[in-house]
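A short worksheet on the structure shown next.
Please treat every number below as a calculation from the coordinates, not as lab data. Given the structure is predicted, the values throughout are model-derived calculations rather than measurements. We place every Cβ from the backbone using ideal geometry, glycine too, and count neighbours over all the protein chains shown.
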Amino acid sequence: MAKVVFIHGVAKQYLSEDSLARDVVPELMGGARLAGGPVPEPTDVAVAFYGDLFRPRDTRAGYEPAYDAADVETEEEFQLLMAWWAEAALTDPSVPAPDEPGTRGTVGWGLSQSLRIRTVRKALDALTGATYLRGVLDAALIGSLKQLTRYFAEERIREAARDRLTAQIGPETRVVVAHSLGSVVAYETLCQEGHPDWDVRMLVTLGSPLGMGALVLDRLQPEPLNRKARWPKPLRAWTNVADATDIVAAVRELRLAFGPRVTDVPVNNGSHMHDATHYLTAVETGRAVAAGLK
């Protein structure tokens, strides 16, 4: 079994385990090398892939739904989008705050459909105009928030994603590196009982949404008690890496919710604040990976 297992985030539904590995394995190795090693061999790194669980069925290859404002259809999707907007406004002066006059006014899921769609449209305009999100399409943003909310809403997807990661972790696995939604999958998987042979020395979370209160933290399995989450038994240490402008990692310090053994580390990913490869090549990430391999 692999010494290092990487699990990805959203928007990988048209990739495969092999194509993803071609991108992330060299970058993971490069980050560890920058940190002074040890550097895992390519054969020591496995990718847990679950993106196909979100791929539309019975459609032509490469089809991407043309989501627009009317496709934000549930309260969870709406609230997540609002949270991203609020976070972008905090970290980017070019983004108007949601509560500024002329932006949205009173907002809630109970709005009429027309007002809700108008609010969603304003949120999308604000986000796609953000410095670190320019060029990102509305459909991509909506697709990403749908995948995050579907993970919690559809038990079939949730169980299958955890099974994919479980299949890659073995007695020799020392490091699990988890990006974005993958950090939720990794946390829940490592909390599962029945794996006494697991000895994971380091969990490295990158751009993680785990700390997002009612939208993520409160919906975890096992359920936190008073927003204090359980520590995964097979895990010795945890490094959480987050870019200061990463709106997905809206709560960048996980220590309060997940305990003092979490080390929260800031990084700068440049103009690609949530990109997995930028996280992986950061020396801070490399140090965490290397520490787990020593």
If each of LYS228 and ALA139 carries a label point 7 Å out from its Cα toward its Cβ, how far apart are those two points in nm?
4.7
Three-way shape label, segment 180-294, alpha-carbon gyration tensor, a/c 1.5:
oblate
Just for segment 160-243, what percent of DSSP beta bridges are antiparallel, to the closest 5?
10
Tell me which residues come under 5 Å, amide H to amide H, from THR205 once H is placed; ignore anything under 5 positions away on its chain.
ALA178, THR239, ASN240, VAL241
Taking springs between alpha-carbon atoms closer than 10 angstrom, which of ASP68, ASP246, ASP18 fluctuates most in the Gaussian network model of the chain?
ASP18
Using θ = phi - 60° and the Karplus curve 6.51 cos²θ - 1.76 cosθ + 1.60, what whole-Hz ³J(HN,Hα) does each residue of segment 282-291 get, with Gly and Pro shown as x?
5, 4, 5, 5, x, 4, 5, 4, 4, 4
For the chain, with a Gaussian network of springs between Cα atoms less than 10 Å apart, report the residue from PRO93, PRO26, PRO234 with the top mean-square fluctuation.
PRO93
3J(HN,Hα) from dihedral phi, segment 18-30, Karplus parametrisation 6.51/-1.76/1.60, rounded to Hz, x for glycine, proline
6, 5, 5, 4, 4, 7, 8, 5, x, 5, 4, 4, x
With only helices counted (DSSP H, runs n ≥ 4, each -39500 (n - 2.57)), the per-residue ellipticity at 222 nm for the chain, to the nearest 500, works out to -12000 deg cm²/dmol
Starting from the 7 Å offset along Cα-to-Cβ, what nm value, one decimal, do you get for the label separation of LEU90 and VAL283?
2.8
When Lys and Arg each count +1 and Asp and Glu each count -1, what net charge do the other residues less than 11 Å away from SER271, Cβ to Cβ, add up to?
-1
Report the antiparallel proportion of the DSSP beta bridges in the chain as a percent, rounded to a multiple of 5.
5
Separation of segment 226-294 and segment 183-204 by C-alpha centroid, Å?
15
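Would you mind giving the average projected area, over all directions, of the Cα convex hull of segment 69-152 in nm² with one decimal?
Across all orientations, segment 69-152 yields a mean hull projection of 5.2 nm².
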Take the Cα coordinates of segment 105-242, assign each an equal point scatterer, and use the Debye formula without solvent to give log10 I(q)/I(0) at q = 0.14, 0.17, 0.20 Å⁻¹.
-0.77, -1.01, -1.24
For LYS228, counting only aspartates and glutamates whose alpha-carbon sits under 15 Å away and dropping same-chain residues fewer than eight positions off, the answer is GLU188, ASP218, GLU253
Give me a comma-separated list of calculated 3J(HN,Hα) values for segment 160-168, in order, Karplus coefficients 6.51, -1.76, 1.60 applied at θ = phi - 60°, integers in Hz, x for any Gly or Pro.
5, 5, 5, 5, 4, 5, 4, 5, 9
For the chain, what is the relative contact order in percent, using Cα pairs closer than 8 Å and at least 6 residues apart in sequence?
25
The chain: percent of C-alpha pairs farther apart than 31 Å?
26
If packing is taken as the average count of other Cβ atoms within 10 Å, what order do 123-135, 175-187, 214-226 fall into, highest mean first?
175-187, 123-135, 214-226
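Just check segment 137-192 against the gyration tensor rule for me: Cα atoms, a ≥ b ≥ c as the square roots of the eigenvalues, rounded for a/c under 1.5, and otherwise prolate or oblate depending on whether a/b exceeds b/c.
prolate
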